[in-house]
Amino acid sequence: GAVVSQHPSWVICKSGTSVKIECRSLDFQATTMFWYRQFPKQSLMLMATSNEGSKATYEQGVEKDKFLINHASLTLSTLTVTSAHPEDSSFYICSARAGTGLGYEQYFGPGTRLTVT
Amino acid sequence: KQEVTQIPAALSVPEGENLVLNCSFTDSAIYNLQWFRQDPGKGLTSLLLIQSSQREQTSGRLNASLDKSSGRSTLYIAASQPGDSATYLCAVGGGGADGLTFGKGTHLIIQP
């Protein structure tokens with residue numbers, strides 16, 4: 001149990017275009033989903049937290065108008081990178097938490113590698 | 001702001017050795033701590049989750065301890081194997097953040 005999927009697993013896009021990444025909890029309902037990104041040889045950094053039906057909360061330094069997050073259902077959250085630029089190239093990983101308590105485990109998706117040319 | 005530090009940054013040992021990876025965090029008000037494994041170009045594999053009320057967790061050859069008051073955790077790997085080669089990440093939940101705060105990882109190489 002506790003499987004999280006992401007789609008696509010990798011994507012290449014041209015500078016200036018938008019890219020949507022999907023994160024799904026396959027066998028549980030996720031009240032909260034998180035989006036992280038990882039630059040080469042760096043660790044994962046939290047970008048934003050989204051609760052189903054609410055606006056996402058973004059970490060300091062993350063542009064909310066550039067990284068649009070939608071969490072319309074308990075099993076799906078999407079991250080849209082708008083007007084992507086080469087510096088947005090990164091590994092994007094989502095996670096989902098089943099419970100409402102902060103001590104609940106987060107289950108991670110396999111990640112999406114975005115390359116902007 | 002929570003900060004997580006992992007030592008060493010890299011480690012290379014011969015197969016069969018027991019080894020310890022270290023993790024420290026600055027804010028002891030955490031809810032839990034997780035150890036992950038990440039293979040090159042891949043996502044995360046959760047290894048162990050320790051809740052703040054627990055002192056340790058074990059899974060197979062892995063044992064993780066947590067000393068919340070001193071802000072430290074260790075991951076002990078017994079009888080290391082080449083297949084254990086990966087980057088090991090420590091992450092804490094809480095300490096002012098809802099998501100996880102990750103360390104930079106320990107890049108582990110087990111020599112056959």
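Some notes on this structure:
- Cα-based equivalent ellipsoid, chain A: semi-axes from gyration tensor eigenvalues, Å: 23, 14, 13
- Modelled this way, with points 7 Å down the Cα-to-C-beta line, the labels at A:LEU26 and A:THR80 are 2.7 nm from one another.
- Of A:GLY99, A:GLY61, A:GLY16, the one that fluctuates the most in a GNM where chain A has Cα springs shorter than 10 Å: A:GLY61
- Partners for A:LYS55 among lysines (Cα-Cα distance below 21 Å; same-chain residues under 8 apart left out): A:LYS20, A:LYS64, A:LYS66
- Interface size, chains A and B: roughly 1500 Å² of accessible area buried, both sides included, 1.4 Å probe, rounded to the nearest 100.
- Diffusion coefficient, µm² s⁻¹, Stokes-Einstein with Kirkwood Rh over alpha-carbon pairs of chain B at 37 °C and 0.692 mPa s: 236 µm²/s
- Choice from B:THR87, B:THR58, B:THR74 with maximal GNM fluctuation in chain B (Cα, 10 Å cutoff): B:THR58
- Nearest-20 debye value, the range A:14-117 charge dipole, Cβ charges on Lys, Arg, Asp, Glu: 180 debye
- Cα-based equivalent ellipsoid of the protein assembly as shown: semi-axis lengths in Å, sorted from largest, via gyration tensor: 30, 21, 16
- Backbone N under 17 Å from the B:ALA79 label point (7 Å along Cα→Cβ), restricted to the range B:14-56: B:14-20
- Accessible carbon and sulfur surface of the range B:34-83 relative to its total accessible area, %, 1.4 Å: 45 percent
- Cα-projected label distance for A:LYS66 with B:VAL20, points at 7 Å along beta-carbon direction, nm: 4.2 nm
- Diffusion of the range A:57-117 by Stokes-Einstein, at 10 °C in a medium of 1.306 mPa s and with Rh set to the Kirkwood radius over alpha-carbon pairs, works out to 119 µm²/s.
- Across the range B:13-112, Cα pairs under 8 Å and at least six residues apart give a relative contact order of 35 percent.
- Residue among B:PRO40, B:PRO14, B:PRO82 with the largest mean-square fluctuation in a Gaussian network model of chain B, springs linking Cα atoms under 10 Å: B:PRO40
- For the range B:14-92 and the range A:1-50, distance of Cα centres in Å: 23 Å
- A simple rule links phi to the HN-Hα coupling: the Karplus curve 6.51 cos²θ - 1.76 cosθ + 1.60 with θ = phi - 60°, which for the range A:3-12 gives 9, 10, 10, 10, 8, x, 7, 8, 8, 10 Hz, with x for Gly and Pro.
- The label-point distance for A:LYS41 and A:THR115, in a model that sets each label 7 Å from Cα toward Cβ, rounds to 1.9 nm.
- Accessible surface, the protein assembly as shown, averaged per residue in Å² (probe 1.4 Å): 48 Å²
The values are calculated or read from the model by the stated rules, or taken from the named source; none is laboratory data. Since the model is a prediction, treat every value here as computed from it, not as a measurement. Positions of Cβ are backbone-derived with ideal geometry, glycine not excepted, and every protein chain shown enters the neighbour counts. We work out accessible area using only protein heavy atoms, side chains counted, and drop any ligands, DNA or RNA first. Shrake-Rupley method; radii C 1.70, N 1.55, O 1.52, S 1.80 Å.
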